[in-house]
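The next block holds one structure in the form of structure tokens; read it before the comments.
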Amino acid sequence: MKRGFYTIMSAQFFSSLADNALFVAAVELLKSGGAPEWQRAALVPMFALFYVVLAPFVGAFADAMPKGKVMFISNAIKVVGCLMMLFGGHPLIAYAVVGLGAAAYSPAKYGILTELLPVSQLVKANGWIEGLTIASIILGILLGGQLVGHAVASHLLAMDLPVFDTGIDTAPEAAISILIAVYGLAAWFNTRIPHTGVAMRPIPSNPLALVPDFFSCNTRLWRDKLGQISLSTTTLFWGVSGNLRYIILAWSAAALGYSTTQASALTGVVALGTAVGAVVASMRMRLDMATSVMPLGIAMGLLVVLMNFISNVWVAAPFLILLGALGGFLVVPMNALLQHRGHNLMGAGRSIAVQNFNEQACILALGAFYTMSTGFGLSAFGAITAFGLLVASVMWLIQRWHASNLVRHKDEVDHLLEIARHDNAHG
């Protein structure tokens, strides 16, 4: 790997670490403030909101300047969201601002991989990026859980600055103040990311002109016989995974009687399994083999349903590791294939923005469904059953779709797979 790749990994690790710790802190902030259950569930779709609303613009923004600079600006926006939480802003609105920063960050984070590396290293690079991201999820969720727990929070709250009154009086507020420093560290790494030499694509003088261009790119990727399969798979995976992060917190409380700090540790167990699956996939899978992992998605959906029958943590932990591993092995090659097709069809930043739009729209829709269901009294067990059956059935339909393409569009699919086998087809 080129040296700049490791700087990108470091920047991504600390930014993702803070994102996931902030989620736990925001849940506890709402909980300690007496907010209803539906508001805590609404954190997930609120984070996804700007991914969907600004999708036509963030890809072009990422392609218009060096991606390290884009990532720096994005982390600064996340800090603004944290400050809003600390100084009286509603946690849902403030968390949406953090989501705005994340929406701008993502096209640059993934888009720079296709600028920096050849096709043959994309699966490996995605494996390491996803593995490191999952590691940051594990540590971030654990960090957030510990920061809002009494043992650590009591020490943080005992620290006072001379003369200046910070107004930080609760454990979640103390946690958020620490996470601002973590975002600052990520921003420093952003300044060390090298310029790849790829020509910038200026934003049109009329930004609204990007809207039809974006939806043209979206249509182009959905019509591509490999792009449509990888996009539908990753859209479903992230739509469900994004919401499972909160659902597992709710399930842990209902099935095991866990507090936020304890439940955050169990949520990290899923991420641990995903990291293992991601790294194994990066070592064993090639780009042209990506579509062979679809049966794992069906198995993953069925395993989610089986969570309802677990009430012992010694069974839950290895079960959740297995569940995460299947997801990690599924998403890494599919992500790489999607990036490859998107880069060839429309450019790195725009393709990642299209991917984010579809995936976050799925998170938003499923999150809104779960939030409304919670408001109407649906239990965590019912939500888990619905999500699991949805994953298994839709993954089966996607598998059938690809099988149909192999028959009806055999020459086109064979040509695209041949492109995926050669570095000189990149770009």
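The values are calculated or read from the model by the stated rules, or taken from the named source; none is laboratory data. In this text, all values refer to a predicted model and were calculated from it rather than measured experimentally. Positions of Cβ are backbone-derived with ideal geometry, glycine not excepted, and every protein chain shown enters the neighbour counts. The protein model used for the area step is the full one, side chains on, heavy atoms only, and it has no ligands, DNA or RNA in it. Shrake-Rupley method; radii C 1.70, N 1.55, O 1.52, S 1.80 Å.
Kindly indicate whether any position in the range 339-348 is within 17 Å of the chain's Cα centre (by Cα) and part of a helix (DSSP H, G or I).
Checking the range 339-348: at least one residue is within 17 Å of the chain's Cα centre (by Cα) and part of a helix (DSSP H, G or I).
Looking at Ile398, Ile363, Ile321, can you tell me which residue is under 22 Å from the mean Cα position of the chain (by Cα), open to solvent by 40 Å² or more (accessible area, probe 1.4 Å) and at pLDDT 80 or above?
Ile321
Of all residues in the range 306-328, which are touching a Leu at 6+ places or on another chain (Cβ under 6 Å) and closer than 24 Å to Gln228 by Cα?
Result: Leu326, single match.
Considering only residues that are outside any loop (DSSP other than H, G, I, E, B), open to solvent by 20 Å² or more (accessible area, probe 1.4 Å) and at pLDDT below 85, which ones fall in the range 153-174?
Ser154, His155, Leu156, Leu157, Ala158
Can you name the residue in the range 370-392 that is under 12 Å from Trp38 (Cβ atoms) and of a type in the set (A, V, I, L, M, F, W, C) and is also modelled with the highest pLDDT among such residues?
Step one: filter the range 370-392 for residues under 12 Å from Trp38 (Cβ atoms), giving 370-378.
When the remaining residues are screened for being of a type in the set (A, V, I, L, M, F, W, C), the result is 372, 376, 378.
Values: Met372: 78, Phe376: 72, Leu378: 69.
Within the range 370-392, the match that is modelled with the highest pLDDT is Met372.
Looking at the structure I just gave you, is Ile93 open to solvent by 10 Å² or more (accessible area, probe 1.4 Å), over 18 Å from the mean Cα position of the chain (by Cα) and at pLDDT 80 or above?
Numbers: open to solvent by 10 Å² or more (accessible area, probe 1.4 Å): yes; over 18 Å from the mean Cα position of the chain (by Cα): yes; at pLDDT 80 or above: yes.
It is true that Ile93 is open to solvent by 10 Å² or more (accessible area, probe 1.4 Å), over 18 Å from the mean Cα position of the chain (by Cα) and at pLDDT 80 or above.
Quick one: is Gly301 in contact (Cβ under 8 Å) with a residue 60 or more places away in the chain and part of a helix (DSSP H, G or I)? Step through it out loud before you land on a result.
Values: in contact (Cβ under 8 Å) with a residue 60 or more places away in the chain: yes; part of a helix (DSSP H, G or I): yes.
For Gly301, the condition - in contact (Cβ under 8 Å) with a residue 60 or more places away in the chain and part of a helix (DSSP H, G or I) - is met.
When you check Ile229 against the structure, is it in contact with a Phe, Trp or Tyr (Cβ under 7 Å, 6 or more places away or on another chain) and either modelled with pLDDT under 85 or aliphatic (A, V, I, L, M) (or both), yes or no?
Details: in contact with a Phe, Trp or Tyr (Cβ under 7 Å, 6 or more places away or on another chain): yes; either modelled with pLDDT under 85 or aliphatic (A, V, I, L, M) (or both): yes.
In short, yes.
Scan the range 281-291 and give yes if some residue there is closer than 26 Å to Asp19 by Cβ, outside any loop (DSSP other than H, G, I, E, B) and either in contact with a strand residue (DSSP E or B) (Cβ under 7 Å, 6 or more places away or on another chain) or of a type in the set (Val, Ile, Thr) (or both), otherwise no. Please lay out each step first, then the result.
Restricting attention to the range 281-291, the residues satisfying the condition of being closer than 26 Å to Asp19 by Cβ are 281-282.
Narrowing further to those that are outside any loop (DSSP other than H, G, I, E, B): 281-282.
Next, only the ones that are either in contact with a strand residue (DSSP E or B) (Cβ under 7 Å, 6 or more places away or on another chain) or of a type in the set (Val, Ile, Thr) (or both) stay: none.
No, that holds for no residue.
Under 19 Å from Ser373 (Cβ atoms) and either assigned to a helix (DSSP H, G or I) or open to solvent by 40 Å² or more (accessible area, probe 1.4 Å) (or both): is that true of Pro45 in this structure? Write out each step before concluding.
Numbers: under 19 Å from Ser373 (Cβ atoms): yes; either assigned to a helix (DSSP H, G or I) or open to solvent by 40 Å² or more (accessible area, probe 1.4 Å) (or both): yes.
Here the answer is yes, as Pro45 does meet what is asked.
Looking at the structure I just gave you, is Ala353 of a type in the set (A, V, I, L, M, F, W, C), in contact with a Gly (Cβ under 9 Å, 6 or more places away or on another chain), closer than 21 Å to Tyr110 by Cβ and open to solvent by less than 10 Å² (accessible area, probe 1.4 Å)?
Numbers: of a type in the set (A, V, I, L, M, F, W, C): yes; in contact with a Gly (Cβ under 9 Å, 6 or more places away or on another chain): yes; closer than 21 Å to Tyr110 by Cβ: yes; open to solvent by less than 10 Å² (accessible area, probe 1.4 Å): yes.
Against the criterion (of a type in the set (A, V, I, L, M, F, W, C), in contact with a Gly (Cβ under 9 Å, 6 or more places away or on another chain), closer than 21 Å to Tyr110 by Cβ and open to solvent by less than 10 Å² (accessible area, probe 1.4 Å)), Ala353 qualifies.
Here's a check for you: in the range 283-307, which residue that is open to solvent by 10 Å² or more (accessible area, probe 1.4 Å) and not hydrophobic (A, V, I, L, M, F, W, C) is farthest from Phe329 (Cα to Cα)?
Across the range 283-307, the extreme among qualifying residues is Asp288.
Those residues that are of a type outside the set (A, V, I, L, M) and open to solvent by less than 10 Å² (accessible area, probe 1.4 Å), I need them from the range 21-42; list them, please. Talk me through it step by step, then tell me what you get.
Residues of the range 21-42 that are of a type outside the set (A, V, I, L, M), as a first pass: 23, 28, 31-34, 36-40.
Correct list: Phe23 only.
Given the conditions (1) without any contact (Cβ under 8 Å) to a residue 12 or more places away in the chain; (2) part of a helix (DSSP H, G or I), and given that Val240 satisfies all but one, which numbered condition is not satisfied?
All conditions are met except number (1).
Under 22 Å from the mean Cα position of the chain (by Cα), surrounded by fewer than 22 Cβ atoms within 10 Å (Cβ to Cβ) and farther than 23 Å from Ile310 by Cα - does that describe any residue in the range 254-261?
Checked the range 254-261: no residue is under 22 Å from the mean Cα position of the chain (by Cα), surrounded by fewer than 22 Cβ atoms within 10 Å (Cβ to Cβ) and farther than 23 Å from Ile310 by Cα.
Quick one: which residue in Ile141, Ile134 is in contact with a Ser or Thr (Cβ under 9 Å, 6 or more places away or on another chain), assigned to a helix (DSSP H, G or I), at pLDDT below 75 and among the hydrophobic types (A, V, I, L, M, F, W, C)?
Values: Ile141 fails: at pLDDT below 75.
Unique residue meeting the criteria: Ile134.
Here is a check on your reading of the model: is Val70 within 23 Å of Asn218 (Cα to Cα), open to solvent by 30 Å² or more (accessible area, probe 1.4 Å) and out of contact with any His (no Cβ under 6 Å at 6 or more places or on another chain)? Let's see the steps before the verdict.
Values: within 23 Å of Asn218 (Cα to Cα): yes; open to solvent by 30 Å² or more (accessible area, probe 1.4 Å): no; out of contact with any His (no Cβ under 6 Å at 6 or more places or on another chain): yes.
Here the answer is no, as Val70 does not meet what is asked.
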